[in-house]
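Values quoted throughout were computed directly from the atomic coordinates according to the rules given, and no laboratory measurement underlies them. Please read all numbers here as calculations on a predicted model, not as lab measurements. Glycine also receives a Cβ, built like all others from the backbone with ideal geometry; neighbour counts cover every protein chain displayed.
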Amino acid sequence: MMCDLETGICGPAGEGNSEMELIDLTAPTKKIDLYYVTDPICSHCWALEPTLRKFLEEYGQYINLHTLMGGLLEKWDGFADVSNGISGPGDVAGHWREVGDHTRMPIDGSFWFEDPVTSSYIPSRVYKVVQQKDASLAPVFLRKAREAVFPFNKNISNDQLLIDIVNSIGLNGEEIVKESHLPAAQESLQEDFIMAGRLGVRGFPTIIFLNEEQKGVKVVGARPYDNYVQALKQILPEENIQPKAINTLQHVLQKEGLLFSREIEELYNLAQQDVAAFVEKELAADSYIVEEVLGEKYIQLNQ
């Protein structure tokens, strides 16, 4: 213990004794573990993207996020989803288009007739290798894989496409896709399956909120935004749960790369017809492009 004549402080030397610093007494005292169990070719997971992004933007300060691959399709041989009438690749297209039309997160799906995904384990293993290389890039890879397969109608079980996607996020695509074929990648994926099984997950998307006492709330399927907020409040009843302000559109686009109109509507509480004016107000005229796929507009920043 000492009193410093220069700083005017009595106390242990060097322990948080800067002259002036910002403090935040509103920061959450507790965090929960959120397990998001998903699959790269889960259409309802794609439909959930606008809601989940907004939830994490507003309440991410309360959350430790763990994304688990669920293993939707190992192979077509012997596969059958009787409840959805799916027994082969061609049966998926109609189901996907229905989900896309209902949610306005565009889905083409015609590739299922021509060059179908042979297994969702293939992009899932790439996800696991990316996660091991740089955990911050794993969700970026997953998003780009979903953009490729759903609106842009590409087969994400194709190695060359996966190499291109990994290259686009700044990693070595050839190296990572090669590693994804090694037994270690399948073992890592299997660990996700085991954890999902322990959590009692049987369908995707499933989001599980767990507190420090390992008590939780499970939300199955793509649900409205308020369901996730209520689940968080239920699992942290003593915490004064408050949303953060949403980042600017410029900031979100810099992070995400591409946003569909439906995503902007959800994030900023806009009607569809108000998106164009909002974008014009938020972004410099020469800083972005607007394009369209399957009748839905999307925004990208200029490179």
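Listing for the model above:
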quantity: The chain - percent relative contact order, Cα under 8 Å, separation 6 or more; calculated: 21
quantity: Modelled label reach - H181, point 7 Å along Cα→Cβ, the stretch 109-131 residues with backbone N closer than 14 Å; calculated: 122-123, 126
quantity: Cα-Cα pairs of the stretch 32-198 separated by more than 19 Å (percent); calculated: 56
quantity: Extension gain from F278 to Q242, taking 0.36 nm per residue of separation minus the Cα-Cα distance; calculated: 10.4 nm
quantity: Length gained when the stretch R202-V290 is fully extended (0.36 nm per residue, less Cα-Cα span); calculated: 27.9 nm
quantity: Candidates A145, A276, A47: whichever shows maximal mean-square fluctuation once the chain is modelled as a Gaussian network with Cα springs under 10 Å; calculated: A276
quantity: Scattering profile of the chain at q = 0.09, 0.11 Å⁻¹ [log10 I(q)/I(0), Debye over alpha-carbon scatterers]; calculated: -0.52, -0.75
quantity: Distance histogram in 10 Å bins (all Cα pairs of the stretch 249-301, percent per bin); calculated: 25, 65, 10
quantity: The stretch 32-198: antiparallel DSSP beta bridges as a percent of all, rounded to 5; calculated: 10
quantity: Top of Y121, Y36, Y268 by mean-square fluctuation, Gaussian network on the chain, Cα under 10 Å; calculated: Y268
quantity: Relative pair counts by distance (%), Cα atoms of the stretch 80-159, 10 Å bins; calculated: 18, 44, 31, 7
quantity: Sequence-distant residues sharing a close amide H with Y288 (under 5 Å, placed H); calculated: N302
quantity: DSSP beta bridge pairing in the chain, given as percent antiparallel to the nearest 5; calculated: 75
quantity: Added length on full extension, which subtracts the Cα-Cα distance from 0.36 nm per residue, I194 to Q300; calculated: 34.4 nm
